[in-house]
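Novice: Before anything else, here's the structure in question.
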Amino acid sequence: MEQHTLHYEILNVFHPGETGQYWDVDVHATLEELQQFADTGYLIREELFQGEALQKLRDALDRLEERESEGRAAAIASKQGWGFIPRHLMDKDEAFLELLKFQPILSIVRAMMGPLVRLRGLSARITYPGDDRQHQTPWHQHMRVVPNPVPPWFSRPHCVDCFIYLDDLNEDTGGVVVVPGSHDWLDKATPSTYEPLDGEVEIRVKAGGAVLIHGNLWHRALPTLRAKRRMLIFGYTPTWLRRSPHGGKPPEDGLTQTFLKDADMEERMLLGIGGYT
Ligand SMILES: O=C(O)CCC(=O)C(=O)O
Ligand SMILES: [Fe+2]
């Protein structure tokens, strides 16, 4: 993997020399790949997790699925829906908390949005095979706050969402479909359908592969027809955006609470504390 180093300085900090003024980011991508990500709104990473690392994530998610079996039962019972979406994963298993600073993702996030970023959420999506396309998603985007018309000083929300697939995407599990460039369409809403759109691209990666998207890229997940499909969704935004509204409050005795007691400035920032003045 070709890498390059980015040097950032945060201007006008209160105390020159303070931690967080200078950042060196070893970016796990080429300049061409970053440009392509900016233009199309997505970037594919094959084999991000392999062997034991992949198995560890699968095991952690399988354990969580067992513990939250009521959510699973409800998802299987519903004939139409997105599937089972467990939330707040970093509070629920060390295997997920360990990914807080996973550089192959975080370095790209920082190359696209600057060094001051936070985790918006880490959730999973598990879909189960069933007749009649029971688990699929309509076209959607993730930052649903854009007004029409767009006023001159509107803060356009940027977000990098990283989909990590723990099973192969294929005919049986269902690929993910995107419309390249649609993250820049600020004056249009996604149609609330499951139908193909002009210019769409279907992406299939093998287990352990990832797809990074701008949070407002138009996308949909194809139906899971014949085999269970597991994936993780990491979302990162600038530090000054709020966490995802989905899934309610994190568990009070979650792992991140203990972790925060000894966390350094960067870790606190990634978990949503500080990072701006
Ligand atoms: O399952 C996928 O491939 C994408 C899921 C998705 O878009 C979502 O949960 O927001
Ligand atoms: Fe989505």
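Novice: Identify the single condition in (1) more than 30 Å from THR127 (Cα to Cα); (2) surrounded by 16 or more Cβ atoms within 10 Å (Cβ to Cβ) that VAL13 does not satisfy, given that it satisfies every other one.
Specialist: (2)
Novice: For the stretch 168-183, what are the residues that are of a type outside the set (Gly, Ala, Ser) and in contact with a Leu (Cβ under 9 Å, 6 or more places away or on another chain)?
Specialist: LEU169, GLU171, ASP172, THR173, VAL176, VAL177, VAL178, VAL179, PRO180, HIS183
Novice: Looking at PHE154, PHE163 in this structure, which one is hydrophobic (A, V, I, L, M, F, W, C) and more than 16 Å from ligand 1 (Cβ to nearest atom)?
Specialist: Step by step, each of PHE154, PHE163 is checked, and only PHE154 is hydrophobic (A, V, I, L, M, F, W, C) and more than 16 Å from ligand 1 (Cβ to nearest atom).
Novice: Oh, and also: Among the helices (runs of 4 or more DSSP H) confined wholly to the stretch 33-142, which include 3 or more residues that are without any contact (Cβ under 8 Å) to a residue 12 or more places away in the chain and either in contact with a strand residue (DSSP E or B) (Cβ under 8 Å, 6 or more places away or on another chain) or under 24 Å from ASN170 (Cα atoms) (or both)?
Specialist: The helices (runs of 4 or more DSSP H) meeting that bar are 51-67.
Novice: Same structure again: Where residues in the stretch 211-250 are within 18 Å of LEU99 (Cβ to Cβ) and away from ligand 1 (no atom under 11 Å from the Cβ), which of them is nearest to the chain's Cα centre (by Cα)?
Specialist: If we take residues in the stretch 211-250 being within 18 Å of LEU99 (Cβ to Cβ) and away from ligand 1 (no atom under 11 Å from the Cβ), then PHE234 is nearest to the chain's Cα centre (by Cα).
Conditions (1) among the polar types (S, T, N, Q); (2) more than 22 Å from MET112 (Cβ to Cβ); (3) part of a loop (DSSP other than H, G, I, E, B), marked per residue:
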| site | (1), (2), (3) |
| --- | --- |
| LEU186 | no, no, yes |
| VAL205 | no, no, yes |
| THR224 | yes, yes, yes |
| ALA227 | no, yes, yes |
| PHE234 | no, no, no |
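Novice: Name the pairs: first residue in the stretch 213-226 and more than 16 Å from GLY174 (Cβ to Cβ), second residue in a strand (DSSP E or B) and near ligand 1 (Cβ under 8 Å from one of its atoms), Cβ to Cβ under 6 Å, at least 6 apart or on different chains?
Specialist: Between residues of the stretch 213-226 that are more than 16 Å from GLY174 (Cβ to Cβ) and residues that are in a strand (DSSP E or B) and near ligand 1 (Cβ under 8 Å from one of its atoms), the close pairs are ILE213/ASP161; GLY215/ASP161.
Novice: Return the pair list, or none, for Cβ contacts closer than 7 Å from residues in the stretch 149-176 that are on the phi > 0 side of the Ramachandran plot and surrounded by 15 or more Cβ atoms within 10 Å (Cβ to Cβ) to residues that are assigned to a loop (DSSP other than H, G, I, E, B) and among the aliphatic types (A, V, I, L, M), at least 6 apart or on different chains.
Specialist: GLY174/LEU222; GLY174/LEU225
Novice: May I pose another question? From (1) assigned to a helix (DSSP H, G or I); (2) over 20 Å from the mean Cα position of the chain (by Cα), pick out the condition that doesn't hold for GLY274.
Specialist: Every listed condition holds for GLY274 apart from (1).
Each reported figure results from applying straightforward, stated rules to the coordinates on display, with no laboratory input. Please read these numbers as outputs of a predicted model, since none were measured by experiment. Virtual Cβ from ideal backbone geometry, glycine too; neighbours counted across all protein chains shown.
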